[in-house]
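A short write-up of the structure that comes next.
The values are calculated or read from the model by the stated rules, or taken from the named source; none is laboratory data. Everything quoted here is computed from the prediction, not taken from an experiment. FYI the Cβ positions are ideal-geometry reconstructions off the backbone, even for glycines, and counts take in every protein chain you see.
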Amino acid sequence: MRSKCNYFIAALVLAVLCGPACAAPKALRLAHVVNEQDSFHVCALKIKEVVEAESGGELTVDIFPNAKLGDERTLLENARMGVIDMAIITGGPIINFMPEFGIFDLPFLFRDEAHAYSVLDGELGQGILDRMDKVGWKGLAYGERGFRDLTNSKRPVVKPSDMAGLKIRLMENPIYVETFRALGANAVPMSWPETLTAL
């Protein structure tokens, strides 16, 4: 059973990050954890196109989808160490390295997409991206994947009380876990590559 859960907006779902060795290699490594049909991959292809065109061919971008280079936490760590040059990451795991990023994970924060865009594209959003420098990343942009979808095999979820007792996989993010627990769900934090096996 799949239902839209309008109680959580995932307006901030990715940050493009660049490790400290970004300028050095001719072939840049860009990684993400989802498949080639996902919006992350469309974004990766656009980054490749722009980087290669704007560098006059001096830089190329090799794309690694499907968690080939690790889960998101691993990608964040590897970007910081310069093992990879760029990653497209959902917002959830970033809080483990940069607690202030969790402000965007608070439930019911944005009224609608326009409100989210105005915050993320404004002074607050840019300020958070600028602070990524302190943990070894260069935040380039925010992206959107729409409202959170809630999928389960038990029943439709149309109001918060419908989540009572459902075992729900979440990103490894304490705000997500505590929010879903408060709504009565059995929250199970798990990285995306482990999810299909767990199901």
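Can you name the helices (runs of 4 or more DSSP H) wholly within segment 105-196 that have at least 2 residues being crowded, with 17+ Cβ neighbours inside 10 Å and not assigned by TED's automatic domain parsing to the domain that holds residue 91? Spell out how you get there, then give the answer.
On the way: elements: 113-120, 123-131, 174-182.
In segment 105-196, the matching helices (runs of 4 or more DSSP H) lie at 174-182.
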Quick check on residue 42: is it at pLDDT 90 or above, crowded, with 19+ Cβ neighbours inside 10 Å and among the β-branched types (Val, Ile, Thr)? no
Qualifying position, being of a type in the set (A, V, I, L, M) and modelled with pLDDT of 90 or more, among 198, 182: 182
Answer yes if at least one residue in segment 67-81 is at pLDDT 95 or above, under 19 Å from residue 137 (Cβ atoms) and assigned to a strand (DSSP E or B), and no otherwise. no
Within segment 51-76, track down each residue that is surrounded by 19 or more Cβ atoms within 10 Å (Cβ to Cβ) and among the charged types (D, E, K, R). 72
